[in-house]
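Just so it is clear, none of the values below were taken in a lab; they were calculated from the coordinates. Since the structure is predicted, the reported quantities are computational estimates derived from the model, not experimental observations. For neighbour counting, all protein chains shown are included, and Cβ atoms are generated from backbone atoms with ideal geometry for every residue, glycine included.
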Amino acid sequence: MKILSSKQMYQADLATIQKKPILSLNLMEHASLLCFNWISNYLTNKNQIIHIFCGIGNNGGDGLVIARKLIQNKYEVKTYIVNFSNKRSDDFIVNYNRLLKLKHKPNEINSFDDFPLIKNNELIIDAIFGIGLSRSPEGFVKELIQCINESNTNTISIDLPSGLFSESHVFDTDAVVRSTEVLTFQNPKIAFLIPDNQKYIKNWHVLDIGLDQDEINSMETNYYIIDKTKIRSIYTKRERFSHKGTFGHNLIIRGSYGKIGAVVLASKAALKIGSGLVTAYIPKCGYEIVQTSIPEVMVEVDAEEQLEFFNYKSKATVIGIGVGIGTGEKTCIGFRKFLKENRLPLIIDADGLNILAKHNELLSLIPENSVLTPHPQEFKRLVGKWKNDYEKIEKLIEFSSNIDCVIVLKGAYTAIAFQNKIYFNTTGNPALATAGSGDVLTGIITGLIAQKHSPLNAAILGVYLHGKTADIAIENNQSMETFTASDCIDYFGKVFKEL
């Protein structure tokens, strides 16, 4: 699914109005009806007081329609007009007058003295500003937003939390509504996927309001959401006459004394995700551990306690390297030699990334279409600091383009960058914040590339599957605290069955 800019959303609105044809007023009615349906399902008590704060533009118009629908369905509603300007949109005026016909006159807010008292068990609907905001709210509007945030009650924002920008970072953190739920129209906004914005958005939901799909399909964007439609287009079922050679040979190069568990997790993940063959190349000290833990995996060894020589014999189709190898001098020398001689696609993680950060000149030796899987701190070591998360995204695209590789920046909404595009994943939850989770992900992606998925598709599918294991685990009453990396592997079967 595409992530569109505010300008593109306006274009999609106009195209829909012109092509259907439909009046903008009727499009507002339809979108707001979907909001009302969602809100009525959300509410558990029809006597709960609902405070609806409406700006004087079309976002405020949406709020007025929602107020009308709630009133007609016998909910307790208090409506407020936030007069941050004297210019009211045409559709706002029509819906304001429709509300008056119901003998419901909204209260006007022109200063702090007009603010209502809001109790803890009441509900707030925020329809003050939409996606077109270009500067931070000031004066009494900022004070109102602070009042909403201090009310300690659930807040539903329409399209975007008021005060939040859809495509740039927040300048005034005290001038943004902190929403419990956001009901956004047609397509997600990139602001929802930015870690800097997590305190403003607890949950968000996309409502399909029927904008012209041909127009949306024609729009260029650098940002996408990974959804099940995309995943089903990548995932392929096995054919009857396939054999283990059909599904590739993984070579997992990793581990050092005390860090052989990472080898076990990555190798087992590569095997369980469907690789035909898996070989682990490890220090001698891990030989018995790996052979005992996963008998299906072949083993080659290097020096006693760390990797030094990188003289494996396996005829692999893809190599996963980095976790637990350390950054010692002999390992770095061996890693450099390995990069100079290797021509296979790589999945590089952890200490492999740390060596690259220390020795930047090695980046030029990475084969194109390889996959790097840093977490934010590892990424920072590679590219330097950033001022905000929007600048981080720019650095992500630039770095991926410079080395012609897929970059998987791990975290909530893991971002996968390649060829000037970023794909954001929406599966997963904090259960994945556990030791070894990244080792499993590296094994998954390595295993998928072995099965002839392109590196980009392997990263997209792998990140989705990895996150989905934690989602299914929580749905099956496992707690986030007790979920482990080994559990992640155990849920592969259920994830595949769901696909």
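Relative to the longest principal axis of the Cα atoms of the chain, the long axis of helix 329-341 lies at roughly 90 degrees.
Please compute the contact order of the chain in relative form: average sequence separation of alpha-carbon pairs under 8 Å and at least six residues apart, divided by the residue count, as a percent.
Values: 994 pairs, mean separation 57.9, N = 499.
12 percent.
Taken over the Cα atoms of segment 6-220, the convex hull encloses 116 Å³ per residue. Here each label is just a point 7 Å from Cα along the line to Cβ, and for Glu498 and Ile93 those points are 5.0 nm apart. Magnitude of the Cβ-charge dipole of the chain, K/R +1 and D/E -1, about the Cα centre, nearest 20 debye? Dipole magnitude for the chain comes out near 940 debye. Summary of packing: across the peptides 311-321, 405-415, 204-214, the per-residue average of other C-beta atoms within 10 Å ranks them, highest first, as 405-415, 311-321, 204-214.
Applying 0.36 nm per residue to the separation of Lys46 and Asn110 and subtracting their alpha-carbon distance, the gain on full extension is 20.1 nm.
With the Cα gyration tensor of the chain in hand, convert its eigenvalues to equivalent ellipsoid semi-axes via √(5λ) and list them largest first in whole Å.
Whole-Å semi-axes of the equivalent ellipsoid: 51, 22, 21.
Sorting the segments 423-429, 469-475, 193-199 by their mean number of nearby beta carbons within 10 angstrom, highest to lowest, gives 423-429, 469-475, 193-199. Positive end of the dipole of the chain, charges at C-beta (+1 Lys, Arg; -1 Asp, Glu), about the Cα centre: which of Val263, Gly276, Asn187 has its Cα farthest in that direction? So the residue we want is Gly276.
Show that you can apply the helix-only estimate: for the chain, add -39,500 (n - 2.57) for every DSSP H stretch of four or more residues, divide by all residues, and state [θ] at 222 nm to the nearest 500. Let's see the in-between values first.
Working: 17 runs with 196 residues, N = 499.
Helices in the chain give a 222 nm mean residue ellipticity of -12000 deg cm²/dmol.
Spread over its residues, the convex hull of the C-alpha atoms of segment 102-208 is 121 Å³ per residue.
Can you give the extra length, in nm with one decimal, that the chain gains between Thr327 and Trp386 once fully stretched, where that is 0.36 nm per residue apart less the Cα-Cα distance?
Details: separation 59, 0.36 × 59 = 21.24 nm, distance 2.50 nm.
Extending this stretch completely gives an extra 18.7 nm.
How large is the translational diffusion coefficient of segment 231-498 in µm² per second when you combine the Kirkwood radius over alpha carbon pairs with Stokes-Einstein at 4 °C and 1.567 mPa s? Taking Rh from Cα pairs, D becomes 70 µm²/s. The separation of segment 414-475 from segment 199-245, counted between C-alpha centres, amounts to 14 Å. Shown for Leu70, Leu102, Leu4: other C-beta atoms within 10 Å of each C-beta, ranked fewest to most, produce the order Leu102, Leu70, Leu4.
Each of the peptides 117-129, 76-88 was scored by the mean count of other Cβ atoms within 10 Å over its residues; in descending order, highest first, they stand as 117-129, 76-88.
Applying 1/(1 + (r/R0)^6) with r as the Cβ-Cβ distance of Glu475 and Asn26 and R0 = 60 angstrom yields a FRET efficiency of 0.95.
Find how much the distance from Glu341 to Lys313 grows on full extension, using 0.36 nm per residue of separation minus their present alpha carbon separation; answer in nm with one decimal.
Between Glu341 and Lys313, full extension yields an extra 8.8 nm.
Distance between the C-alpha centres of segment 7-76 and segment 103-161: 16 Å, rounded to the whole angstrom.
From least to most packed, judged by other beta carbons within 10 angstrom and beginning with the fewest, Lys387, Lys189 follow the order Lys387, Lys189.
Counting Lys and Arg as +1 and Asp and Glu as -1, what is the net charge of the other residues whose Cβ lies under 11 Å from the Cβ of Leu409?
Working: positive: Lys380, Lys392, Lys395, Lys410; negative: Glu378, Asp389.
Every neighbour counted, the sum reads +2.
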